[in-house]
Amino acid sequence: MRRYTPNELARIMDCEHPVVANSSAEILWLSYDTRQLVDPSVTLFFALNGAFDHGHIYINHAIASGVVNIVCDNNWSDFQSNVNYYRVPNVLEALQHLATFHRAQFDIEVIGITGSNGKTTVKEWLSQLIDDRRVVKSPKSYNSQLGVPISVWQMSDQDDLAIFEAGISQPKEMERLAEIINPTIGLMLNIGDAHDAGFDSRSQKIKEKLKLFTRSKSIIYCSDHAEVAAEIDTQLPNVEKISWGRVVGSLFKITDQRYSSDRMEISIHYKNEEHLLLIPFTNDASIENCLHCIAVCLTFGYDIKSLSHRLLRLHNLPMRLEMKSGDDDAIIVNDTYSADIHSLRVALQFLSQQSGDRTRTLILSDFEQLDLSSDQFVDALAAMVNKYNISKVVGIGNDIAQLSNKLTSDIAFYHYHNVDSLIEDLHRLGFERNAILIKGARRFGLERVVHLLSQKRHTTVLETDMQAIDHNIRYFSSLLGAKTKMVAVIKAAAYGSGSAALAKFLAFRQVDALAVAYADEGVYLRQNNVDKPIIILNPDSASIVDLFQYNLEPEIHGMALLDSLISYISIHSTSTIQVHIKIDTGMRRLGFLAEEVDVMINKICANPAIHIKSIFSHLSGSEDKSLDYFTHEQVNILNQTYLKISAAIGYHPLKHILNSSGILRFPEYHFDWVRLGLGLYGIDSTGQFGHYLEKAHTFKSTVIQIKPVSSGDTVGYNRNGIVSKSGFIAILNVGYADGLRRLAGNGLYSIEINGKSYPTIGNICMDLTMVELGQMHNVKVGDEAIIFGKTKSLNDLAIVCQTIPYEIITSISQRVKRIYTHA
């Protein structure tokens, strides 16, 4: 990694008035998050503005952590001695300028990848296939205006090839990314529906993405995508076109493809000869991603025979951190698909969010394509491990042993030369109540360790994608004014997701408060070290002791509860309690009626220990346009009541009324707070905004058996499933005891396996479901079956089951394992 001096940095970022107090400082790392600082003394910190706050509020924290180089905007003037300040008009643009300059220092091949889907998969597979060069690549899916410069900054003199991905969601974004990446070779993937809302047309989206390649020497693409191919011809007249396809291709043409067990046999015409390639996947998306990789490797001159062997080493990649339950109250964070220092930082950050009071353990293999003998790298790795309060490190491989000399004395270090020797010793290491991050290179096969440490439970799971939740928070935040804050509602165990892990993530994302239904839920979160304000929406008098003991903020929704609270305060002389006054504005559920407000005010004014933090109500039909007249009436009632209460108590509490659908449809009523519930998970009750959101839940099971059936056979209880044509059925490990309702049986609903939908046949059983595969299929035992998820709508299941998505989600059984994933 190249180092830069303060004067160089000021010149590169076009900083007109730097404050250089320490001219001998050097820069090795970049950071925009004080929680991720590894080696602060050689880190350049960018005070970027976020969705909820200004980057300036973190500058002093960065300095206190040891940072001596700060990039801030021109308004900053609170200078400290021995700290270098680089004041610029726009902090993000300064980061991008620096990355652009850094990229220009290297004369190596750079592959730029864009498209709608598959960017991260193709990037990772290419880095596995091209194993005779030192490859630098984007960590995880770092492809945004912020992620791309962080990725490019990794380039060093030791690298032979760079692979960076670029993603955009609206026009005029790609020009900046193209300048930073400056790819010599372009790789254009497919164009799908992702981010369609940000563009006027599909054609516009293609044109914007192609701007990444205007200065490239060549572009590789699939000629089967006619619209993409046509735009490439038009937009990139001076760039060499390297295409492949089933109809025509300048590099190779696919002449045949057929299933063979769990792989695809593909025949290609290449250099005037026919060649057979075995691809270890059967779903269309993975096959196309693999063919893109083949095209790149052939362009690089790889021998097709050796390439055939390399292809069989590819695996489907979990493009995210996966959290599982372990034995003895342990949790397992699985990140076994790659090993690089940037993704390790992300994984350690996730571990710190989720570990609570558990002992933190890191199981780490040698890193690929990194020189662990370098003191610089080992120092950085050790600093990272030391920073995140790891108690135990288990190292696997030869080079990782050098880490032991750099760790603090309170970190236990265990070394094994290979995974087999670790597995033999696993039971002796003691993982009770540990939070275990397992991180390593693919070749070590650490999945075996994950399997051994994970609880052996029912294979049906509800997966919650934290990256999707993060996206949804950012989208809803973009709709709010600067003064409107967000409350995340995670009642009903976070709508089926499980509340503790999600609450920690939301607290980390700096939502302003959390809301749960009952005091028991709030107590559980406090016991799991969640320290955000927690609102209890449905408290009762029996929970008052817990409210005070655990610093919970109750919704006061009626006179009986208020009287109980006052009685408790009079006896125990407690300190002030923050409360939230709910007004019934017409829903006729919980809340004070208009005729009760005066009495309520008098009682609160007589009890100064009760402080009203907010006054709010709940809309009856915020998603229903036909009820808008009633929504406006409800808001008018809240406004009038709010003014009355505020005048009487002498201060102005916060005001809020909007839930997820209300945020979307009534921006004029955002007020001080909004309450985000189902919208967190990408569920849009209005039916109008779902394309802006990402689905967070995936409910999935496993194929546990496949069997032949003949025409006229009956399947399941009461012989309700009648086979119309001979073929096969698959039995899935999910039933109505898991939350898949009986109404979804008998062909009324379909379940997705390997990208194809198969109808149910027969009744849904308590623990099992049967689906009809037909005569030709590519399904095998162990395949994943998606009941609903990103490509299979939860709403479709709700319609079949004659209910609403809320009820489906909250009815998923507790025996279903909850998994949390994170990009």
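The values are calculated or read from the model by the stated rules, or taken from the named source; none is laboratory data. Small disclaimer: the values here were computed from a predicted structure and weren't measured. Note that we place each Cβ from the backbone using ideal geometry, even for glycine, and neighbour counts take in every protein chain shown. Accessible surface is based on the protein model in full, side chains and every heavy atom, while ligands, DNA and RNA are left aside. Shrake-Rupley method; radii C 1.70, N 1.55, O 1.52, S 1.80 Å.
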TODO: Over the alpha-carbon set of segment 670-823, divide Rg by the Kirkwood Rh and report the Rg/Rh ratio to two decimals.
DONE: 1.03
TODO: With just the Cα atoms of segment 729-777, tell me how far they stretch along each of the three principal axes, in Å, largest first.
DONE: 30, 17, 15
Task: Semi-axis lengths, Å, the chain, gyration tensor of Cα atoms, sqrt of 5 times eigenvalues - done: 44, 37, 28
- [ ] Rounded to the nearest 500, what is the 222 nm mean residue ellipticity of the chain from helices alone, with -39500 (n - 2.57) per DSSP H run of 4+ residues and division by all residues?
- [x] -9000 deg cm²/dmol
- [ ] Output ³J(HN,Hα) for segment 105-121: one whole-Hz value per residue in order, computed from phi by the Karplus curve 6.51 cos²θ - 1.76 cosθ + 1.60 with θ = phi - 60°, and x for Gly and Pro.
- [x] 7, 10, 10, 10, 5, 10, 8, x, 10, 9, x, 8, 9, x, 4, 5, 4
Open item on the list: Quick one: 3J(HN,Hα) in Hz for segment 129-137, Karplus 6.51/-1.76/1.60 with θ = phi - 60°, rounded, Gly and Pro as x.
Closed with: 6, 8, 9, 9, 9, 7, 10, 10, 8
Open item on the list: So for segment 156-230, considering every pair of alpha-carbon atoms, how many percent are separated by more than 21 Å?
Closed with: 28
Task: Residues of segment 1-155: accessible area per residue with a 1.4 Å probe, Å² - done: 37
Task: Cα-Cα separations in segment 666-715 greater than 17 Å, expressed as whole percent - done: 63
Open item on the list: Going by amide H atoms built from the backbone, whose H comes under 5 Å of the H on VAL71, apart from near neighbours?
Closed with: PHE45, PHE46, ALA47, TYR86
Task: Quarter of Cα convex hull surface for segment 24-69, i.e. mean projection, nm² - done: 3.0
Open item on the list: Please compare each pair in LYS725/LYS756; LYS137/LYS700; LYS504/LYS817; LYS491/LYS603; LYS205/LYS700 to a cut-off of 21 Å on the Cα-Cα distance and tell me which ones are over it.
Closed with: LYS137/LYS700; LYS491/LYS603; LYS205/LYS700
- [ ] Hey, could you get me the Stokes-Einstein D for segment 596-667, Kirkwood radius over alpha-carbon pairs, 4 °C and 1.567 mPa s, rounded to whole µm² s⁻¹?
- [x] 97
Task: Additional length obtainable on full extension of the chain from ASN74 to ASN529, 0.36 nm per residue less Cα span - done: 160.0 nm
- [ ] Compute the accessible area per residue over segment 722-823, keeping the other protein chains in place, probe 1.4 Å, unit Å².
- [x] 41
Task: Distance (nanometres) between label positions extended 7 Å along Cα→Cβ at ASP284 and THR686 - done: 3.2
Task: Largest-first principal axis extents, alpha carbons of segment 115-154, Å - done: 30, 24, 13
- [ ] Beyond 15 Å, what share of the Cα-Cα pairs of segment 539-624 is found? Please give it as a whole percent.
- [x] 58
TODO: Mind jotting down a quarter of the surface of the convex hull over the alpha carbons of segment 4-101, in square nanometres, one decimal?
DONE: 5.6
Task: Accessible carbon and sulfur surface of the chain relative to its total accessible area, %, 1.4 Å - done: 47
TODO: Using only alpha carbon positions, build the gyration tensor of segment 343-487, then give the equivalent ellipsoid semi-axes as the square roots of 5 times its eigenvalues, largest first, whole angstrom.
DONE: 31, 21, 15
Task: Extent along principal axes [Cα atoms of segment 235-316; Å; largest to smallest] - done: 43, 24, 22
Open item on the list: For the chain, give me the percentage of DSSP beta bridges that are antiparallel, rounded to the nearest 5 percent.
Closed with: 40
- [ ] Report, in cubic angstrom per residue, the convex hull volume of the C-alpha atoms of segment 75-129.
- [x] 169
Task: Extension gain (nm, one decimal) between ASN398 and GLN775, 0.36 nm per residue minus Cα-Cα - done: 130.7 nm
Task: Where the Cα pairs of segment 572-712 fall when distances are cut into 10 Å bins, in % - done: 10, 32, 25, 15, 9, 5, 3, 2
TODO: Hand me the trypsin sites (Lys or Arg not before Pro) from segment 647-725 located in a DSSP loop with no more than 11 other Cβ atoms within 10 Å, in residue order please.
DONE: LYS725
Open item on the list: Tell me the Rg and the Dmax, in Å, that the Cα atoms of segment 736-823 produce.
Closed with: 13.1, 38
Task: segment 232-261 residues near the modelled ARG202 label - backbone nitrogen below 18 Å, point 7 Å along Cα→Cβ - done: 232-235, 246-247
TODO: Compute the distance in nm between two label points, each set 7 Å from the Cα along the Cα-to-Cβ direction, one at VAL545 and one at HIS56.
DONE: 4.9
Open item on the list: What FRET efficiency comes out for GLU240 versus ILE341 if R0 is 56 angstrom and r is the Cβ-Cβ distance? Round to the nearest 0.05.
Closed with: 0.95
Task: Viscosity 0.890 mPa s, temperature 25 °C, Stokes-Einstein D of segment 99-204 from Kirkwood C-alpha radius, µm²/s - done: 175
TODO: Between ASP233 and LYS756, with labels modelled 7 Å along Cα→Cβ, what's the label distance in nm to one decimal, could you check?
DONE: 3.3
TODO: Using R₀ = 51 Å, calculate the FRET efficiency as 1/(1 + (r/R₀)^6) where r is the Cβ-Cβ separation of SER156 and ASN720; round to 0.05.
DONE: 0.20
- [ ] May I ask you to list the GluC sites (Glu not before Pro) in segment 408-468 that are in a DSSP loop and have at most 16 other Cβ atoms within 10 Å of their Cβ?
- [x] GLU432
Task: Accessible surface, segment 202-285, averaged per residue in Å² (probe 1.4 Å) - done: 50
TODO: Work out, step by step, the length gained on full extension between HIS275 and ILE704: first 0.36 nm times the residue separation, then minus their alpha carbon distance; give nm to one decimal.
DONE: 150.9 nm
